[in-house]
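Some notes on the structure that comes next.
The numbers here are math on the coordinates, done by the rules we state, and not lab data. Remember, it's a predicted structure, so these values are computed and weren't measured experimentally. Counting neighbours? That spans all protein chains shown, and the Cβs are built from the backbone with ideal geometry, glycine included.
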Amino acid sequence: MPRILVVDDEEQIRRILRLTLERAGHEVDTAADGNEAVAKFDPARHDLVITDIVMPEKEGIETIQELRQVSAGVKIIAISGGGRISPEEYLDWAKRFGVHRTFTKPIDRDDLLRTVAELTGVQTT
């Protein structure tokens, strides 16, 4: 079963994503910021990373760049609720750094699960 690393500075978002993914049969690790994500990421263990873009400490774009240095082929979904600019603008930047999919918050559960299945190649319950 695919293992997913969920990165978001908002505890409630991490919890909702973790529960949604676990109920669909995935194994999930979480990180509260980019620094923790880079420290936890293991390319032999994680098949997919879902990361917020706007975070304190280390924001999502920098996190994506560092994850790519560890594993160029890691599949990444970027999420954003916006900040100083609209979520779409943040996510456009993420696309330039090679993320596979983007979602604005709030995230549609079914769309997320379909995308995770597509990127991991594993259909879940």
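The longest part of the chain holding none of the exposed loop GluC sites (Glu not before Pro), meaning those outside H, G, I, E and B in DSSP with at most 15 other Cβ atoms within 10 Å, is 58-125.
Of the options [x] 6.6; [y] 11.5; [z] 7.4, only one is mean projected area of the Cα convex hull in nm² as computed from these coordinates, and that is [x]. Taking 0.36 nm per residue of separation and subtracting the Cα-Cα distance, full extension of the segment from Glu89 to Gln123 would add 9.2 nm.
Rounded to the nearest 20 debye, the dipole magnitude of the chain is 320 debye, with +1 charges on Lys and Arg beta carbons, -1 on Asp and Glu beta carbons, and the Cα centre as origin. For Ile79, the shell of other residues with beta-carbons less than 9 Å away shows a net charge of -1, using +1 for Lys and Arg and -1 for Asp and Glu. Just from its helices, what would the mean residue ellipticity at 222 nm be for the chain, if runs of 4 or more DSSP H residues each count -39500 (n - 2.57) and the sum is divided by every residue, rounded to the nearest 500 deg cm²/dmol? Roughly -12500 deg cm²/dmol at 222 nm, from the helical runs in the chain.
Considering only alpha-carbon pairs that sit under 8 angstrom and 6 or more positions apart, the relative contact order computed for the stretch 1-56 is 51 percent. Of the residues Leu112, Leu67, the one with the fewest other Cβ atoms within 10 Å heads the list, and the complete ranking is Leu112, Leu67.
Here the contact order of the chain, divided by its residue count and restricted to Cα pairs under 8 Å and six or more residues apart, works out to 24 percent. To make sure I understand the rule: partners must be aspartates and glutamates, Cα under 19 Å from the Cα of Lys40, and not fewer than 8 residues away in the same chain. Which ones qualify? Qualifying aspartates and glutamates at Cα under 19 Å: Asp8, Asp9, Glu10, Glu11, Glu22, Glu27, Asp29, Asp52, Glu57, Glu59, Glu62, Glu66. Computed extension length for His100-Ala32: 22.4 nm, one decimal, from 0.36 nm per residue of separation with the Cα-Cα distance subtracted. Across the stretch 26-35, coupling constants 3J(HN,Hα) worked out from phi with the 6.51/-1.76/1.60 Karplus curve, θ = phi - 60°, read 8, 8, 10, 10, 10, 9, 8, 7, x, 4 Hz, and Gly and Pro carry x.
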